[in-house]
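K.L.:
A single structure is presented below for examination.
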Amino acid sequence: MDMVPVNLDHILLGASDLDAGIAWVEQHTGVRAAFGGVHPGRGTRNALLALGPQRYLEIIAPDPKQPVQGLALQLQSMNEPRVFNWAVHTGDIASAAKEVTAAGFAINGPNDGSRARPDGRTLRWKSFSLKDDRSGLLPFFIEWSRDSMHPSEDAPKGCTLKQFVPRSSSTQELEKLSQSLGLNVSVERAGDPGLSAIVLSLKGQVEL
């Protein structure tokens, strides 16, 4: 198994407050994430830092200027920042959706997404998620618009993703589900399920 899934696109680090999340990551890695933008109608905003080519960390938190709803409600209750979800990229979201559905998974989407970058340009993508993603242990799928720059390209550098591992008490089941999704993922046995990301940073090796 690879230490990092080949098609991993980004990792989502949730925080109840974006500024606090940015400060927490900077304290641990020595790299300050750059503000990315807001997600209109979704109640969230984010900040980003690169984790290598075509990979990045998304710090996501409630947007105080929007009503608290959906994911923002979950983020608001986090006592400290933690990795809670992840995404894999595909070059053809429609085909990926068909393959995942054919493998027996129910999905939400594909749906269009966008956010305005601080430089005024609009970033666009299409994505779909699994109706049962095992509380984030299984990823969602994303296809970036061809006219949009991948977020990793101009996000702050200084960190590299060394290892990414879902943890579960049901390792064989989760690995089997991952393989059905076309993912080459090694699952670590643990009593408490979750996601572990080991990053090489300006402050050495850090586990998020």
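The values are calculated or read from the model by the stated rules, or taken from the named source; none is laboratory data. Keep in mind the model is a prediction, meaning the values are calculated, not measured. Note that we place each Cβ from the backbone using ideal geometry, even for glycine, and neighbour counts take in every protein chain shown.
K.L.:
Looking at S186, S180, which is the one that is touching a helix residue (DSSP H, G or I) at 6+ places or on another chain (Cβ under 9 Å), polar (S, T, N, Q) and within 18 Å of R55 (Cβ to Cβ)?
P.N.:
Checking each option against the conditions leaves just S186.
K.L.:
Further question on the same structure: Restricting to the range 160-205, what's the tally of residues that are under 21 Å from T101 (Cα atoms) and β-branched (V, I, T)?
P.N.:
Count: 1.
K.L.:
Being more than 16 Å from W86 (Cα to Cα) and among the β-branched types (V, I, T) is the filter here, so list the residues in the range 168-208 that pass it.
P.N.:
T171, V206
K.L.:
Return the only residue of S77, S95 being farther than 26 Å from N46 by Cα and either touching a Pro at 6+ places or on another chain (Cβ under 8 Å) or polar (S, T, N, Q) (or both).
P.N.:
S95
K.L.:
Taking the range 149-181 as the search range and keeping residues that are under 30 Å from T122 (Cα atoms) and small (G, A, S), which one is farthest from the chain's Cα centre (by Cα)?
P.N.:
Looking at residues that are under 30 Å from T122 (Cα atoms) and small (G, A, S), I get G158.
Okay, residues lined up against (1) acidic (D, E); (2) touching a residue at least 24 places away in the same chain (Cβ under 8 Å); (3) on the phi > 0 side of the Ramachandran plot:
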site	(1), (2), (3)
D63	yes, yes, no
V68	no, yes, no
S77	no, yes, no
V83	no, yes, no
A87	no, yes, no
I93	no, yes, no
A97	no, yes, no
A102	no, no, no
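K.L.:
Given (1) polar (S, T, N, Q); (2) touching an Asp or Glu at 6+ places or on another chain (Cβ under 8 Å); (3) more than 25 Å from I59 (Cβ to Cβ), identify the lone condition not met by S196.
P.N.:
So S196 meets the others, but not (3).
K.L.:
Another question, if that's okay. Residues being charged (D, E, K, R), more than 16 Å from the chain's Cα centre (by Cα) and closer than 18 Å to I198 by Cβ: count how many of those fall in the range 9-25.
P.N.:
0
K.L.:
Please go through the range 35-84 and pick out each residue that is small (G, A, S) and under 16 Å from the mean Cα position of the chain (by Cα).
P.N.:
Hits for the range 35-84 are G36, G37, A47, A50, G52, A61, A72.
K.L.:
Would you be able to tell me the number of residues in the range 100-110 that are over 20 Å from G14 (Cβ atoms), surrounded by fewer than 13 Cβ atoms within 10 Å (Cβ to Cβ) and in contact with a strand residue (DSSP E or B) (Cβ under 8 Å, 6 or more places away or on another chain)?
P.N.:
Of the residues in that region, 2 qualify.
K.L.:
Further, regarding this structure: Considering only the range 112-129, how many residues are surrounded by fewer than 18 Cβ atoms within 10 Å (Cβ to Cβ) and either at pLDDT 95 or above or of a type in the set (A, V, I, L, M) (or both)?
P.N.:
Selection size over the range 112-129: 1.
K.L.:
Still on this model: Counting only residues that are more than 29 Å from D92 (Cβ to Cβ), in contact (Cβ under 8 Å) with a residue 12 or more places away in the chain and of a type in the set (D, E, K, R), which one in the range 1-44 is surrounded by the most Cβ atoms within 10 Å (Cβ to Cβ)?
P.N.:
Only one residue tops the list, namely D17.
K.L.:
Let me ask you something else. Looking for whichever is closer than 14 Å to D9 by Cβ and among the hydroxyl-bearing types (S, T, Y) here; the options are S114, S135, S152. Which one fits?
P.N.:
S152
Residues checked against (1) of a type in the set (G, A, S); (2) touching a strand residue (DSSP E or B) at 6+ places or on another chain (Cβ under 6 Å):
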position	(1), (2)
L18	no, yes
W24	no, no
V31	no, yes
A61	yes, no
K65	no, no
S77	yes, no
H89	no, yes
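K.L.:
Kindly state which strands (runs of 3 or more DSSP E) lie completely within the range 121-208 and contain at least 2 residues that are among the aliphatic types (A, V, I, L, M).
P.N.:
122-130, 160-168, 194-201
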